[in-house]
Amino acid sequence: MADKGLGMIQRQDIIWLGVSAGVTGGLVGGMMLGIGLAMAINNHPSGLVFIIPGAPASGLIGWILARKLAKQL
């Protein structure tokens, strides 16, 4: 029977995880930071709602992708 790709994690899987987590995390965190700063500059104190969770939100994406990869073990 064929394994259908559920075997060992290979080097290319780890590299792809790092690249995709970095790109998507950077985009999400950067957009949240940019929107929050634009709101704060325009005297909207609610811009902090976007600024503060920007970094944890970008890290959350990497964690979700790593869990998805770990389920293949």
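Quick note: the coordinates plus some simple rules give every number you see, no bench work behind them. Because the structure is a prediction, the values reported are computed rather than measured.
Would you kindly state how much longer the chain becomes between Ala66 and Ala38 on full extension, computed as 0.36 nm times their sequence separation minus their alpha carbon distance, in nm to one decimal? Please list the in-between numbers first.
On the way: separation 28, 0.36 × 28 = 10.08 nm, distance 3.19 nm.
Roughly 6.9 nm would be gained on extension.
Relative to the present Cα-Cα distance, how much length would full extension add between Ile51 and Arg11 at 0.36 nm per residue of separation?
Values: separation 40, 0.36 × 40 = 14.40 nm, distance 3.46 nm.
Length gained between Ile51 and Arg11: 10.9 nm.
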